[in-house]
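Structure record follows, encoded as structure tokens.
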Amino acid sequence: MFGFIKNAFTSRRDHADCSGCSLCLLVCPVWRQSRDISLTPHGRAKAMQHGDAVDAASVESCTLCMACEPVCPEKIDQVGMILDLRRLQAPTSARDELQAHMTGLASRPVASRPAASTTLLPDSALRAHPDTLARVTILLGDKNISVADDDGSDISQALEVGADIPAQCLEQFLTPLRLHKKIIVADGLLLRHLKLWLPKARIASLGEALSGHAEVRRSLRTTDLYVIEPRAYHSDYQRLVKHYDRLRVNHGCAFNLDLQRIAIPATARNLSQRLGLAAHDDEAHARWVLHGRSITRIVVESLEDRAAFEKVSDIPVVHLAELADGISDV
């Protein structure tokens, strides 16, 4: 199954093409915190160029924020390299458990033809907040949008930890999606792969879909800090950088972007932190994003980011869907 994924990236380049320019270090949250070059895309590429094994700590340290890919002048498939290396690592209990779970999912029946033209794939954080999820669906079209029963969270986690995805399980997930005219995705890693698996489908990130809503845009202020979810943004950077540039010009709000217009993560968790095996340091990342800013409100695309900012600041934090005043609380 993963041969299909790798073939989809054949137009991208690999570690052999790394010139050592170190531009990836400028945007890497792991480098900013550790200053350990072995834990960075640069360090991994150079180790592989010299025929050395990449240390497991380096493979697990990557947060998959995807910021390194847009800045790489050689267009190296940095994320694909990490996912390949994780699949080659020795199996862990977490990966074995997920592998068994995925195998069990392969026996599920394929969903029937959907009634709505658009489907939403929420992430776990959005599902955990049903009021916000309800507001999102109303904003995105109410009767014309359905919330997918299978939001692909198992597929995304399998990709992240390096577990094998049975071909039948993947096909059962993709089959109902092919019947929708548009797919809106909250999980940036899943969005990246859906664009490869379903190249003819209209696929958008949740942040892009909500920020395109007229009422949401009208509610943005010049004193807002708008926090873009990095994974979705970087997975479609060439197009989305223009989308957010228009928001900045038309509404004057600030963004969590550096001088290269790369999104600075407000939450950046390595593999152990995502699996709950190590404490996360979300607060440190959130403080970094807020440093030196004069703002009156924080607007987030991701509910995970909202939780991080609320811990480190008294500035009001709202989700994009909460900007539409015309929608009554549900």
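Things worth noting here:
- Of everything listed in (1) under 19 Å from V71 (Cβ atoms); (2) polar (S, T, N, Q); (3) modelled with pLDDT under 95, the single unmet condition for N270 is (1).
- Checking D245, D224, D236, D282 one by one, the residue that is surrounded by 14 or more Cβ atoms within 10 Å (Cβ to Cβ) and at pLDDT 95 or above is D224 and no other.
- The range 71-91: number of residues that are among the small types (G, A, S) and closer than 19 Å to C28 by Cβ: 1
- When residues of the range 192-231 are limited to those that are β-branched (V, I, T) and assigned by TED's automatic domain parsing to the domain that holds H291, the one nearest to H243 (Cα to Cα): I228
- In the range 3-30, the residue that is modelled with the lowest pLDDT out of those that are surrounded by 17 or more Cβ atoms within 10 Å (Cβ to Cβ), farther than 18 Å from H234 by Cα and hydrophobic (A, V, I, L, M, F, W, C) is I5.
- Residue match in the range 76-83 (condition: modelled with pLDDT under 95, farther than 28 Å from N256 by Cα and in contact with a helix residue (DSSP H, G or I) (Cβ under 9 Å, 6 or more places away or on another chain)): no
- When restricted to residues that are under 19 Å from the mean Cα position of the chain (by Cα) and not in a loop (DSSP other than H, G, I, E, B), the range 181-222 contains 24.
- Looking across S294, S313, S211, one residue alone is of a type in the set (S, T, N, Q) and under 21 Å from I184 (Cα atoms). It is S211.
- Members of the range 88-110 found to be at pLDDT 70 or above, crowded, with 17+ Cβ neighbours inside 10 Å and under 23 Å from E171 (Cβ atoms), listed by number: R95, L98, Q99, M102
- Filtered by the rule that a residue be within 22 Å of the chain's Cα centre (by Cα) and not in a helix (DSSP H, G or I), the range 166-180 gives R178, H180.
- The condition of being modelled with pLDDT under 90, outside the structural domain of T267 (by TED's automatic domain parsing) and farther than 21 Å from K195 by Cβ holds for only one of R113, R127, R135, that being R113.
- Among the candidates S124, S156, the residue that is in contact with a helix residue (DSSP H, G or I) (Cβ under 7 Å, 6 or more places away or on another chain) and surrounded by fewer than 17 Cβ atoms within 10 Å (Cβ to Cβ) is uniquely S124.
- Cβ separations smaller than 7 Å between residues 6+ apart or across chains give the following pairs from the range 142-163 residues that are assigned by TED's automatic domain parsing to the domain that holds M102 and farther than 17 Å from C65 by Cα to residues that are among the basic types (K, R) and at pLDDT below 90: A163/R95.
- Search result, residues across the range 248-267 that are part of a helix (DSSP H, G or I) and either surrounded by 13 or more Cβ atoms within 10 Å (Cβ to Cβ) or in contact with a strand residue (DSSP E or B) (Cβ under 8 Å, 6 or more places away or on another chain) (or both): R248, H251
- Qualifying positions in the range 272-282 - more than 23 Å from L26 (Cβ to Cβ) and touching a residue at least 24 places away in the same chain (Cβ under 8 Å): S272, R274, L275, L277
- Some residue of the range 296-306 being under 19 Å from the mean Cα position of the chain (by Cα), surrounded by fewer than 22 Cβ atoms within 10 Å (Cβ to Cβ), more than 19 Å from P230 (Cβ to Cβ) and not polar (S, T, N, Q): no
- Subset of the range 73-103 that is part of a loop (DSSP other than H, G, I, E, B) and not hydrophobic (A, V, I, L, M, F, W, C) - its residue that is farthest from A163 (Cα to Cα): P73
- Selection of first residues in the range 171-198 that are touching a residue at least 60 places away in the same chain (Cβ under 8 Å) and on the phi < 0 side of the Ramachandran plot and of second residues that are crowded, with 22+ Cβ neighbours inside 10 Å and basic (K, R), restricted to Cβ pairs under 7 Å at least 6 apart or on distinct chains, gives the following pairs, ordered by first then second residue: G188/R231; L189/R231.
- Residue in the range 286-300 that is touching a helix residue (DSSP H, G or I) at 6+ places or on another chain (Cβ under 6 Å), in the same structural domain as E229 (by TED's automatic domain parsing), farther than 26 Å from P130 by Cβ and not β-branched (V, I, T) present: yes
The values are calculated or read from the model by the stated rules, or taken from the named source; none is laboratory data. Here the structure is a predicted model, which is why all the values come from computation and not from measurement. A quick note on method: Cβ atoms are made from the backbone with ideal geometry, for glycine too, and the neighbour counts reach across all protein chains shown.
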